[in-house]
1. Once the Cα gyration tensor of segment 91-231 is found, what semi-axes does its equivalent ellipsoid get, as square roots of 5 times the eigenvalues, in whole Å, sorted largest first?
2. What percent of all Cα-Cα pairs in the chain falls into each 10 Å bin, going from 0 up to the bin containing the maximum distance?
3. Which order, highest average first, do 204-215, 182-193 follow once you tally other Cβ atoms within 10 Å for each residue and take the mean per peptide?
4. Would you mind ranking 108, 102 by Cβ crowding within 10 Å, fewest neighbours first?
5. Nearest 0.05, what FRET efficiency do residue 219 and residue 115 give at R0 = 35 Å with Cβ-Cβ as r?
6. Run the paramagnetic zone check for residue 63: 7 angstrom along Cα to Cβ, then residues of segment 1-26 with backbone nitrogen under 18 Å.
7. Could you tell me the ratio Rg/Rh of segment 29-115? Both radii from Cα atoms, Rh via Kirkwood.
8. Starting with the fewest neighbours, write out 49, 91, 169 ranked by other beta-carbon atoms found within 10 Å of each beta-carbon.
């Protein structure tokens with residue numbers, strides 16, 4: 001964590017406020033706290049804010065707000081030392097069918113770490129993961145805290161298409177692909193849950209600050225849940 005936040009230029013209409021240089025829950029809490037403070041006490045010209053693992057990207061209208069004035073406003077907000085209350089973290093359980101055709105990289109993860117497939121599933125599903133941020137594709141939540149025992153490098157060459165609902169991991173991160181996209185993370189399973197639905201309010205199932213637990217399910221339960229979801233119109 002930086003002793004003092006760093007203010008970095010991001011073009012002529014955005015500012016990056018950087019709190020650290022690593023994946024850390026306290027750093028991420030400070031990012032989200034500043035975003036909340038600015039959203040609840042905006043000034044003219046302030047626009048969208050995008051929280052990341054360790055920094056906050058602040059968009060602004062340079063015709064209404066200068067870069068210097070924005071830096072001073074953010075600095076003053078931070079110096080007030082006000083801790084804006086963040087939403088109580090929700091615990092979201094994600095039912096997951098591990099392995100097989102839905103988790104083709106699970107054997108590699110096990111072999112890479114000298115474990116059995118069952119041990120990898122036990123460790124992955126036995127961990128509670130914080131949601132640090134959303135990005136990459138609509139509703140894609142970056143979950144940190146993957147245990148070192150099962151950490152595995154991403155694919156050397158990304159797949160051209162990863163199916164919707166794929167549960168994946170790379171390094172010490174894990175997550176779920178909400179829509180079908182290219183991707184280079186290791187696929188270890190799939191969930192019948194819909195993590196992104198543009199017809200839903202809000203459209204994303206997960207939000208920064210949530211806690212996630214993966215729950216192993218059988219193939220029968222996977223198809224039953226998927227069928228029930230389709231009967232309800234895909235929600």
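Readers should treat all values here as calculations from the given coordinates under stated rules, not as data from a laboratory. Since this is a predicted model, take the numbers as computed values, not measurements. Because the Cβ atoms are built from the backbone with ideal geometry, glycine has one as well, and the counts that use them run over all protein chains shown.
1. Numbers: eigenvalues 94, 57, 45 Å².
They are 22, 17, 15 Å, listed from largest to smallest.
2. Cα pair-distance distribution for the chain, in percent: 7, 29, 30, 20, 11, 2.
3. Details: 204-215: 18.7, 182-193: 22.0.
Most protected by this proxy first, the peptides run 182-193, 204-215.
4. Details: 108 14, 102 20.
If I rank by nearby Cβ atoms, fewest first, I get 108, 102.
5. Values: r = 22 Å, r/R0 = 0.63.
Step by step, r from the Cβ atoms, then E = 0.95.
6. Once the point is set 7 Å along Cα→Cβ of residue 63, 12-14 turn out to lie under 18 Å by backbone N, inside segment 1-26.
7. On the way: Rg = 20.8 Å, Rh = 16.5 Å.
Here Rg/Rh amounts to 1.26.
8. On the way: 49 20, 91 9, 169 24.
By the 10 Å Cβ count, ascending, the order reads 91, 49, 169.
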